[in-house]
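Novice: Just dropping this structure here.
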Amino acid sequence: MTTITAKISKWNPEPEIIMQAAEIIRSGGLVAFPTETVYGLGADALNANAVTKIYAAKGRPSDNPLILHVSNHEQVHSLVYMNDIAEKLIHEFWPAPLTLVLPARDVIPLKTRGGLDTAAIRMPDNPIALALIEASRTPIAAPSANISGRPSPTDFESVYHDMNGRIDMILDGGSTDIGIESTVIDVTNPERILLLRPGGISIESIEAVIDMRLECPDDNSKKRSPGTRYRHYAPSIPVKVWKHNQKFPECEANSTGYMGLHEPECNCAEKIIFDDVKNYTRGLFAGFRKFEREEFSCIVVEWPDDISGTGAGLQDRITRASCE
Ligand code: TXA
Ligand code: MG
């Protein structure tokens, strides 16, 4: 398959490019597009055949459900059953890196929701993504636009590397702002809100709005969010974790790439020092892919102690990239 690529302006997405991409979505094809978190691999969420192609292009287990991306509030009501807490969160945050899991209406194919009776929904905070959804006149199902298990793509080059020849079109809207995926919470039961995946929106900002603590899912709910079961976000070379002021991991220094907030005492071939957690989050996946391209034998990342802001999401991605 030949993959069309098109550069597109983030703040003024060219209508003719949006129309071309929307036409592909409407006819059951696949388009990769930028969101504020990472690039998504989109298909018409209400077309089971189109959604099947996403799983094939990514090599993704088909029991792992997808997020439906919407561009307006009315769309949400036609897809899921709402409750007051969900309304409040949507009103307060969207468009935002906040994904809500809610009871699904029948219109969503089982394929899109991995056979579950719930569905995950979010409105992305990126003008290109919103224009594409609007022009497609359908919610867009989109996982991150990487081969399953690899670091999520935060720029066009990473999407191209993983998806060229596998999908119909890639929109090049530059680097994404946040760098890790959305925060996923289960609001099916408004009395107990579950944090399924920490991400782009902080835990403390959600708790402040709902005036409740987020709970961690028990094993049963974990089964309901299959995405949390797999090793993820990992480059093809080993990732080791370093804690500030502790011994630096054993690695071949001259082929080690380091990323973190502090300068370690090592002769690493390359060090990327970020000045805060926000920038570290933004640069993590791109750094993984850069060190991989440079054919290093080891990546060392610093453990971020602070879980505020995107810190909890950053910890989660580091844990999952480094686990065996
Ligand atoms: O920022 C993001 O969320 C990006 C961009 C493209 O929007 N998308 C993304 O999608 O990260 P994906 O497929 O890589 O992750 C979706 C997560 C998975 O962990 C999946 O298991 C969970 O959401 N999920 C989806 N539907 C669910 C449901 N009905 N119940 C529980 N978890 C669900
Ligand atoms: Mg993903």
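Novice: Among the residues of segment 196-213, write down those that are among the aliphatic types (A, V, I, L, M), surrounded by fewer than 19 Cβ atoms within 10 Å (Cβ to Cβ) and not in a loop (DSSP other than H, G, I, E, B).
Specialist: Within segment 196-213, Ala208, Val209, Ile210 meet the criteria.
Novice: Let me ask something else about it. Could you tell me which residue of segment 271-312 is nearest to Glu207 (Cα to Cα), considering only residues that are free of Cβ contacts under 8 Å to residues at least 60 places away in the same chain and part of a loop (DSSP other than H, G, I, E, B)?
Specialist: Selected residue: Asp306.
Novice: Let me ask something else. Only residues that are more than 19 Å from Pro127 (Cβ to Cβ) and within 15 Å of ligand 2 (Cβ to nearest atom): list them for segment 69-91, please.
Specialist: Correct list: empty.
Novice: Tell me which residues, restricted to segment 1-19, are surrounded by fewer than 17 Cβ atoms within 10 Å (Cβ to Cβ) and in a helix (DSSP H, G or I).
Specialist: Matches in segment 1-19: Pro15, Glu16, Met19.
Novice: Quick one: how many residues across segment 142-168 are hydroxyl-bearing (Ser, Thr, Tyr), under 17 Å from Ile178 (Cα atoms) and within 10 Å of ligand 2 (Cβ to nearest atom)?
Specialist: So the answer is 2.
Novice: Separate question: Taking strands (runs of 3 or more DSSP E) that do not extend beyond segment 83-195, which have at least 1 residues that are buried (at least 20 other Cβ atoms within 10 Å of the Cβ) and within 12 Å of ligand 1 (Cβ to nearest atom)?
Specialist: 98-103, 118-122, 183-186
Novice: Looking at Ile140, Ile170, Ile201, Ile210, which one is within 20 Å of Asp84 (Cβ to Cβ) and touching a strand residue (DSSP E or B) at 6+ places or on another chain (Cβ under 7 Å)?
Specialist: Ile201
Bear in mind that the values in this text are calculations on the coordinates, not laboratory data. All values reported here derive from a predicted model rather than from experimental measurement. Heads up, the Cβs are rebuilt from the backbone with ideal geometry, glycines too, and the neighbour counts pull from every protein chain shown.
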